[in-house]
Amino acid sequence: MKILINKKIKILLALGLVISTLVELNSCTASKKIEAKSGVQLWVENCQRCHNTPSPSTFSPEQWKTIGMHMQTRALLTDKEIDKIVAFLSQ
């Protein structure tokens, strides 16, 4: 009986390892897709889905940076994503 339980534990651990590896590989693929997007793409997908964003010329680059920091936490954006969006809006 003890040998059977040990086998089941080993199988469960192996399955857990396989699943966690697949999840990690999938998240890397998603990160690469996000990294390939431009600031304008990220702006449309993340900012405009909730509200109409004012014209980029409405605020100064420094103001966009502050707005970006605020919205990063609210929209759960990564540093790279918000940097691209702020760079686009600050042009």
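The values are calculated or read from the model by the stated rules, or taken from the named source; none is laboratory data. Predicted, not measured: the structure shown is a model, and the values here were computed from it. Glycine gets a Cβ as well: all are built from the backbone with ideal geometry, and neighbour counts include every protein chain shown.
Is it the case that residue 81 is without any contact (Cβ under 8 Å) to a residue 12 or more places away in the chain, part of a helix (DSSP H, G or I) and of a type in the set (D, E, K, R)? Walk me through how you get there before you give the answer.
On the way: without any contact (Cβ under 8 Å) to a residue 12 or more places away in the chain: no; part of a helix (DSSP H, G or I): yes; of a type in the set (D, E, K, R): yes.
Criteria not met by residue 81.
Residue by residue, here is whether (1) hydrophobic (A, V, I, L, M, F, W, C); (2) touching a Leu at 6+ places or on another chain (Cβ under 9 Å); (3) modelled with pLDDT under 80 holds:
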| position | (1), (2), (3) |
| --- | --- |
| 11 | yes, no, no |
| 28 | yes, no, yes |
| 31 | no, no, yes |
| 46 | no, yes, no |
| 56 | no, yes, no |
| 59 | yes, yes, no |
| 72 | no, no, no |
| 81 | no, yes, no |
| 85 | yes, yes, no |
